[in-house]
1. Among the listed residues Lys32, Lys11, identify the single one that is in a loop (DSSP other than H, G, I, E, B), at pLDDT below 80 and surrounded by 10 or more Cβ atoms within 10 Å (Cβ to Cβ).
2. Within region 50-68, count every residue that is at pLDDT below 90 and either away from the ligand (no atom under 14 Å from the Cβ) or in a loop (DSSP other than H, G, I, E, B) (or both).
3. Can you list residue pairs whose Cβ atoms sit under 8 Å apart, with the first residue in region 36-55 being surrounded by 14 or more Cβ atoms within 10 Å (Cβ to Cβ) and the second being of a type in the set (Asp, Glu)? Count only pairs 6 or more apart in sequence or on different chains.
Amino acid sequence: MAEAKKEKPAKGTLGLKRRFYIVEGDRIRREKPFCPKCGPGVFLAKHSDRVSCGRCGYTEFASKQGKS
Ligand SMILES: [Zn+2]
């Protein structure tokens, strides 16, 4: 009888990834840090020397570790 073939989506539609992640090979680099209190989904606002959560007020200062 009639064969119903499922049409696959055309290639080249993988451009809509989340901007918050940068996938480099096997690694996933987070573009923005999450709030440890609010959990994943709540991003920290980035400032010059610190990041802060606009939801709970958590603030994390950027610690310069060794590099120059
Ligand atoms: Zn928070």
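1. On the way: Lys11 fails: surrounded by 10 or more Cβ atoms within 10 Å (Cβ to Cβ).
So the residue among Lys32, Lys11 that is in a loop (DSSP other than H, G, I, E, B), at pLDDT below 80 and surrounded by 10 or more Cβ atoms within 10 Å (Cβ to Cβ) is Lys32.
2. Residues meeting the conditions: 8.
3. Note: pairs meeting the criteria are Leu44/Glu60; Val51/Glu60; Ser52/Glu60.
The values are calculated or read from the model by the stated rules, or taken from the named source; none is laboratory data. Fair warning: this is a prediction, and the values are worked out from it, not measured in the lab. Quick reminder, even Gly has a Cβ in these numbers, built from the backbone with ideal geometry, and neighbours come from all protein chains shown.
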